[in-house]
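**Q** This is the structure I want to talk about, given as structure tokens.
The values are calculated or read from the model by the stated rules, or taken from the named source; none is laboratory data. Note that this is a predicted model, so its numbers are computed, not measured. Glycine gets a Cβ as well: all are built from the backbone with ideal geometry, and neighbour counts include every protein chain shown. Areas reflect the complete protein model, heavy atoms only, side chains present, ligands, DNA and RNA absent. Shrake-Rupley method; radii C 1.70, N 1.55, O 1.52, S 1.80 Å.
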Amino acid sequence: MKEDITWIEVGRVADIPPAGARVVKTKHGDVAVFRTADDDVFAVRDRCPHAGGPLSQGIVHGARVTCPLHNWVIDLASGEATGPDEGCAGTFPVQVEDGLIRLGLRLGQLAAAS
Ligand code: FES
């Protein structure tokens with residue numbers, strides 16, 4: 001079955017500080033777009049699976065972010081909580097081309113997540 005993905009431009013990698021994030025508002029909720037210290041880019045729903053903390057305001061280390069509220073550590077590639085904690089923030093596909101970031105919004109995923 002063909003996935004129904006809409007790609008939107010959300011800015012340049014250079015617009016996000018290394019080990020930082022920016023929030024992209026969609027009508028289905030906020031998405032945190034992270035840039036790691038190695039310039040990898042990930043997009044994760046900006047709601048911690050524990051109690052909804054803003055992951056975009058967490059500390060990025062490697063390809064993980066520590067939630068600012070209660071320190072759960074979320075894997076940026078999978079959106080999954082690590083260690084003994086369980087839960088998934090949900091991820092979104094990203095494309096980077098010539099430094100430009102495109103965020104893929106899966107309509108079915110967004111509808112299910114809202
Ligand atoms: S809301 Fe993120 S660890 Fe509690």
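**Q** What are the residues in the stretch 35-63 that are more than 13 Å from the ligand (Cβ to nearest atom) and not β-branched (Val, Ile, Thr), if any?
**A** Arg35, Ala37, Asp38, Asp39, Asp40, Phe42, Ala43, His61, Gly62, Ala63
**Q** Mind checking which residues of the stretch 58-77 are within 15 Å of Val41 (Cβ to Cβ) and among the hydroxyl-bearing types (Ser, Thr, Tyr)?
**A** Hits for the stretch 58-77: nothing passes.
**Q** Of all strands (runs of 3 or more DSSP E) completely enclosed by the stretch 13-114, which ones contain at least 3 residues that are open to solvent by 40 Å² or more (accessible area, probe 1.4 Å)?
**A** Hits in the stretch 13-114: 20-26, 94-97.
**Q** Kindly indicate which of Asp38, Asp46, Asp30 is over 22 Å from Ile8 (Cα atoms) and among the charged types (D, E, K, R).
**A** On inspection, the qualifying residue turns out to be Asp38.
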